[in-house]
Amino acid sequence: MRAILSIATLAVLCAACSDTTASPADDSNREAVASVVGGITYPLVAITNVAPSLKAKDSLDLQVRLTDASGSWMGKQITWKSSDTTVLKVTVRDVGKPSGSIGHVIALKAGTASITATTQSLTSAKTPIAVSAAAVAPTTGDTIVTKVSVTPNPLTIATNKPFQLTAKAYNAAGGVISSAKLSYRSTNTAVLTVNPVGMVLGGAKGTANVEVSAVNGKMAWSTITDSGGTAPPPVAPPGTGTGAAVAAVWSDKFVSSAGVATHFNYWDLLPYGNNVNGTISAIKAAGFRFIRDGLSVDVNEGSNNRYWGVMKQLTSSGIQLVLVTQPAYLGNNKWVTAPYANQSNLDTAVNRIGAAGILAFEGPNEVDNNNGGWGGIPAYGANTRAYMSAMYRHAKAIAPSVTVIGLTTTSSYGSSFIGDISGSMDAGNLHPYPNGTLPSSALVATQNNSSVLNAAHKPWWVTETGYYTSPNATTGVYQPGVSETAQGKYVPRLYLDYFNAGIVHTSVYEIIDEHVSLADAEANYGLMHNDGSPKPAYNAMKNMLTLLADPGSAFTPTTSLSYTLAGTTGTIRQSLFQKRDGRFYLVLWNDVVVYNTSGKSDISNATVPVTVQFAVQPRSISRYQPLVSAAGTSVTPSKSVAVAVADNPIILEITP
């Protein structure tokens with residue numbers, strides 16, 4: 001994706017990026033050069049995490065530990081090969097990462113094959129694996145943990161009163177891995193302890209986290225407060241549970257959480273140049289409440305007037321701004337440097353737009369991928385910390401009502417150079433691109449990678465995520481592409497999943513395709529085509545946000561809805577919203593994969609029969625499917641309503 005520029009040349013935005021941070025040069029060189037010492041050829045190759053046998057449909061992650069005469073390290077540039085790809089398939093990820101590249105092995109059918117790992121210097125090792133017939137239920141699938149969850153979160157307990165946490169591990173397809181081994185750890189054992197199966201016991205008044213980790217490091221946590229007295233019983237997050245008196249969330253709170261990324265300083269592109277008014281109108285018509293763009297201030301007043309004129313047009317339409325900040329541009333290819341006391345960019349934004357039009361100032365974009373502009377490794381860590389501190393202080397001095405959200409990185413390695421910046425932000429910031437699969441698949445991992453930046457566990461925002469719709473692209477490919485149909489199903493689910501997970505605001509990348517070329521992945525993330533015509537995702541979001549919009553002063557639902565779901569509900573997700581007029585909106589969707597990124601084909605998922613059982617028969621019910629139409633259909637009111645839940649949101653409008 002093109003960078004957000006300060007109308008000059010400073011890049012601050014990158015698309016769904018893989019980890020491109022350079023690994024230590026000495027390790028890389030040692031992998032590429034063979035040496036003979038004492039008759040032994042180095043580096044020696046040892047495959048780790050080996051398993052002599054697997055069951056068909058099972059899988060495991062292999063890595064390599066390399067050794068030479070001066071030490072050992074994890075292999076980062078490894079070639080993996082299966083001797084029989086009909087028995088064992090191996091794919092590669094995390095190439096170049098300091099933690100080592102991974103050979104992900106999937107057992108396909110009964111038989112025996114060997115996996116060979118080869119270095120750049122052609123030293124290698126081989127491990128045989130016998131595959132037996134599948135003994136695992138088809139729904140189990142891949143047993144590599146990609147996500148961990150723990151509930152409830154947050155939780156309040158009483159001193160000396162135990163409480164059992166519920167933790168689950170999930171594979172890449174969203175299936176629960178019942179055999180996964182999870183470990184529990186309290187961050188402050190003086191406040192609370194936790195046993196090996198997740199039973200928490202309060203020890204003293206205070207707050208601590210219980211971290212739940214899989215063997216491969218995937219982690220989630222629950223923030224737990226020991227009140228020192230009698231604790232209220234834990235409840236499900238609002239709008240996500242079933243049973244008696246389920247609390248709903250104000251529907252407009254969800255609508256207000258939805259934004260979209262733009263590039264209004266790219267006026268050489270059709271959507272932001274000749275068609276700029278059409279792009280603004282499309283954002284407004286879709287119901288998005290904010291856009292995320294670069295804060296651009298140039299020494300050229302004409303450029304300034306054009307950019308800020310567009311920004312004023314947006315805010316006058318009721319669309320707020322999330323502005324990605326950067327060091328102020330001084331002209332002649334020079335920018336403000338540490339200690340970054342000159343924050344004139346922010347002054348210009350507030351003077352031109354007014355604080356009420358600005359939803360947030362955002363820290364610099366993916367600084368580890370752009371570390372050269374911040375002094376390189378490791379200096380960028382200290383420099384970006386200094387920038388966040390100066391920017392936060394200035395923002396709060398000139399516009400205290402505007403939220404300041406943190407900078408972003410692309411990996412835990414990149415975050416490690418920066419450390420905790422939670423004192424210089426109101427919320428953390430994530431870019432969890434879903435790798436062409438389930439919307440929530442990368443959310444927890446990205447939180448873990450950025451956790452060092454947010455030691456205070458402040459709320460998270462997501463300012464970039466999404467799917468591109470050119471699966472055969474050859475450039476700018478950081479994740480697999482999907483079809484427009486799949487994007488249309490995934491994007492509404494993404495906004496709902498993130499809202500349910502507590503993400504305050506989510507901005508999908510991006511509103512409109514930058515170019516018409518399908519060869520460039522980064523040009524095709526849009527919810528609309530380059531000419532302004534909508535893709536299915538745009539229509540689905542427009543229909544959903546329009547249906548749920550309830551503008552006006554803040555509203556907190558005071559009534560509840562009593563209902564349960566019956567049927568095949570293992571993959572069914574839900575949200576419960578309410579408008580100020582009392583109508584409830586129960587959103588149901590089947591959280592399954594809808595696109596085969598390997599075969600580049602859509603998956604036809606059958607609807608799942610679910611029965612919504614109400615404690616009291618509603619007065620009226622209407623059914624909506626935003627991906628298909630804005631119109632609803634009337635459902636005969638009953639205490640028991642059958643719903644065919646699709647792999648895209650189904651919304652029941654319920655008048656109690």
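No lab work stands behind these numbers, since they all come straight from the coordinates. Source: prediction; values computed, not measured. Neighbour counts are summed over all protein chains in view; Cβ atoms, including those assigned to glycine, are modelled from backbone coordinates with ideal geometry.
The lysines within cross-link reach of residue 205, meaning a Cα-to-Cα straight distance under 24 Å and a gap of 8 or more places when in the same chain, are 161, 458. Highest average first, the peptides 123-130, 443-450, 60-67, 364-371 ordered by how many other beta carbon atoms sit within 10 Å of their residues are 364-371, 443-450, 60-67, 123-130.
As an exercise, use a Förster radius of 22 Å and the Cβ-Cβ distance of residue 351 and residue 330 to find the FRET efficiency, rounded to the nearest 0.05. Efficiency for this residue pair is about 0.75.
Approximating the spin labels as points 7 Å out from Cα along Cα→Cβ, the residue 620-to-residue 516 distance works out to 4.6 nm. Between residue 190 and residue 475, the contour length at 0.36 nm per residue exceeds the alpha carbon distance by 97.3 nm.
Of 614, 486, 259, whose Cα points farthest to the positive end of the dipole of the chain (charges on the beta-carbon: +1 Lys, Arg; -1 Asp, Glu; origin at the Cα centre)? So the residue we want is 614. Value of Rg to Rh for the stretch 251-548, rounded to two decimals, is 0.94; Kirkwood radius and Rg both from alpha-carbon coordinates. Report note on the peptides 634-640, 531-537, 384-390: ranked by the mean count of other C-beta atoms within 10 Å, highest first, their order is 384-390, 531-537, 634-640.
Positive contributions from Lys and Arg (+1) and negative ones from Asp and Glu (-1), summed over other residues with Cβ under 13 Å from the Cβ of residue 399, come out at +1.
Gyration tensor analysis over the Cα atoms of the stretch 153-226 returns equivalent ellipsoid semi-axes of 24, 11, 10 Å (largest first, whole Å). Does anything in the stretch 179-214 have its amide N under 11 Å from the 7 Å Cα→Cβ label point of residue 158, and if so which residues? Counting only backbone N, you get no residues. For the pair residue 549 and residue 92, the difference between a 0.36 nm per residue extended length and the Cα-Cα distance amounts to 160.1 nm. Just how far, in whole angstrom, is the stretch 543-583 from the stretch 442-457 if you go by their alpha carbon centroids? Distance between centres, Cα-based: 29 Å. Here the sum of -39500 (n - 2.57) over DSSP H runs of 4 or more residues, divided by the residues of the chain, equals -5500 deg cm²/dmol at 222 nm, to the nearest 500.
Checking (1) 69, 30, 24; (2) 56, 30, 23; (3) 38, 34, 26 against the coordinates, the calculated semi-axes √(5λ) of the Cα gyration tensor in Å falls under label (3). Which value in nm describes the separation of the simple spin-label points at residue 281 and residue 84, placed 7 Å from the Cα toward the beta carbon? Result for the modelled spin labels: 6.4 nm. Considering only C-alpha atoms, what is the centroid distance from the stretch 149-173 to the stretch 84-136, in Å? Taking the Cα centre of the stretch 84-136 as reference, the centre of the stretch 149-173 is 35 Å away.
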